[in-house]
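Undergrad: Okay, handing you the structure first.
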Amino acid sequence: MPRMTVENTELHYDDEGDEGQGPALLFVHGWGTSGRVWQSCLPDLVRDHRVVTLDWRGCGRSDHPARGNTIARVTADLAAVIETLEIKPTVIGSSIGGVFATELALARPDLVEAVVAVDSPGYWPATGMLDKVHDLRKRLVDDRVGTFEDWVPNWVAGARPGLVAWTIRQLLDSGAYIDELFTECTTYDPRPRLKDLAVPITYLHGELDAEIPLEVPRTCAAETPGARVHVLAGCGHVPHQEDPRAFTAALRTILA
């Protein structure tokens with residue numbers, strides 16, 4: 001089980017395939033899940049890419065520390081992983097993982113080939129869903145299981161009880177300390193800095209995302225030089241799990 005220690009925190013990662021015909025890929029999952037969310041996409045991609053999936057701090061098989069659960073610290077962890085593995089990857093980040101990927105590209109463009117932000121929230125928690133985020137923060141203390149049961153079905157388009165149940169299990173296995181990220185997101189807005197992004201970015205977004213509307217990636221792309229928006233039809237907030245074949249095909253198009 002590959003692990004590395006960053007700032008006294010052990011991080012779990014998987015590293016398979018080789019660079020072959022394309023760049024290395026670093027996959028960064030969303031809030032509270034794990035690197036396992038990408039598993040249906042990996043068999044195709046490891047044929048011609050070196051593919052690294054990471055459980056970021058507080059999640060999955062990595063340590064669940066009480067401190068360091070901030071956007072800046074997770075971003076620094078990603079930089080440390082990249083430097084240790086000696087790769088310059090395209091970083092694919094789901095939901096808040098897209099925030100981490102974007103922040104990494106802004107802070108350390110020398111480490112990143114490109115960014116693919118998958119249904120990333122951008123500025124939305126601080127504007128379009130501020131009341132919901134404050135309510136979630138409270139409810140996660142009052143009734144963690146019930147909050148997930150109410151919330152997670154909204155992540156997918158249509159009825160997907162198996163996917164919902166598996167996602168809830170991952171969320172319950174992750175540490176409660178990462179809830180601090182919700183508080184930080186209520187003041188997070190990358191738009192003033194996107195003009196300085198020197199790394200190519202594509203906003204890959206589910207057409208039917210009920211959490212983060214399409215106006216968010218479109219607005220962010222309009223602020224980012226050379227940015228593209230790629231919409232996946234019929235998908236919600238987690239298109240890599242809802243339609244792995246379509247997601248992988250779209251990712252290959254973006255990488256090409």
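Derivation of every value follows stated rules applied to the coordinates shown; laboratory data play no part. Predicted, not measured: the structure shown is a model, and the values here were computed from it. So basically every Cβ, Gly included, is an ideal-geometry build from the backbone, and we count neighbours across all protein chains shown.
Undergrad: Answer with a single label: of (i) 1.09; (ii) 1.04; (iii) 0.92, which was calculated as Cα Rg over 2.2 N^0.38 Å from the structure in view?
TA: Matching the structure shown: (iii).
Undergrad: Shifting gears a bit: Rounded to whole Hz and in sequence order, give me ³J(HN,Hα) for the stretch 81-95 from the Karplus expression 6.51 cos²θ - 1.76 cosθ + 1.60, θ = phi - 60°, writing x for Gly and Pro.
TA: With the stated coefficients, the stretch 81-95 comes to 4, 4, 5, 5, 7, 6, 10, 10, x, 7, 9, 10, x, 8, 6 Hz.
Undergrad: Continuing with the same structure: At what distance in nm do the modelled label points of Ala79 and Arg169 sit from each other, each positioned 7 Å from its Cα along Cα→Cβ?
TA: 3.7
Undergrad: Place +1 on the Cβ of every Lys and Arg and -1 on the Cβ of every Asp and Glu in the stretch 180-227, take the dipole about the Cα centre, and give the residue among Cys185, Cys220, Leu208 whose Cα lies farthest towards its positive end.
TA: Value: Cys220.
Undergrad: Rounded, prolate or oblate: which fits the stretch 66-131, taking a ≥ b ≥ c as square roots of the Cα gyration tensor eigenvalues, rounded meaning a/c under 1.5, else prolate when a/b beats b/c?
TA: On the way: a/c = 2.64, a/b = 1.57, b/c = 1.68.
It comes out oblate by the Cα gyration axes.
Undergrad: If you don't mind, another one. What does a probe at Glu7 reach in the stretch 54-98, counting residues whose amide N is under 12 Å from the point 7 Å along Cα→Cβ?
TA: 57-58, 65-81
Undergrad: Moving on. Output the peptides 7-17, 108-118 sorted from most to least packed, where packing is the average of other Cβ atoms within 10 Å over each peptide's residues.
TA: 108-118, 7-17
Undergrad: Starting at the first residue of the stretch 97-108, write each ³J(HN,Hα) from the Karplus equation 6.51 cos²θ - 1.76 cosθ + 1.60 with θ = phi - 60°, in whole Hz, x for Gly and Pro.
TA: Rounded to whole hertz, the list is x, x, 5, 4, 4, 5, 5, 4, 5, 5, 7, 9.
Undergrad: Let me ask something additional. Provide the gained length on full extension for the span Arg108 to Thr127, in nm with one decimal, where the gain is 0.36 nm per separating residue minus the Cα-Cα distance. Show your work: numbers first, answer last.
TA: Details: separation 19, 0.36 × 19 = 6.84 nm, distance 2.70 nm.
Answer, rounded to one decimal: 4.1 nm.
Undergrad: Something else about it: May I ask you to list the residues of the stretch 59-97 whose amide nitrogen lies under 12 Å from a point 7 Å from Cα along the Cα→beta-carbon direction of Leu136?
TA: Within reach of a label on Leu136: 95-97.
Undergrad: Looking at the chain, send over the antiparallel percent of its DSSP beta bridges, to the nearest 5. Intermediate results must be reported in sequence, preceding the final value.
TA: Working: 10 of 32 bridges.
Approximately 30 percent, going by the DSSP bridge assignments.
Undergrad: Determine the dipole magnitude for the chain: charges of +1 sit on the beta-carbon of Lys and Arg, -1 on that of Asp and Glu, nothing else is charged, the reference point is the Cα centre, and the result goes in debye to the nearest 20. Mind showing how you got there, number by number?
TA: Details: 24 positive and 37 negative charges, 39 e Å.
Computed about the Cα centre, the dipole is about 180 debye.
Undergrad: At 222 nm, what value in deg cm²/dmol follows for the chain if DSSP H runs of at least 4 each add -39500 (n - 2.57) and the sum is divided by all its residues, to the nearest 500? Before the final figure, lay out each step's value.
TA: Numbers: 10 runs with 96 residues, N = 256.
It comes out at -11000 deg cm²/dmol, rounded to the nearest 500.
Undergrad: Quick one: among Thr90, Thr127, Thr167, which has the greatest mean-square fluctuation in a GNM of the chain with alpha-carbon springs under 10 angstrom?
TA: Among Thr90, Thr127, Thr167, the largest mean-square fluctuation in the Gaussian network model of the chain belongs to Thr127.
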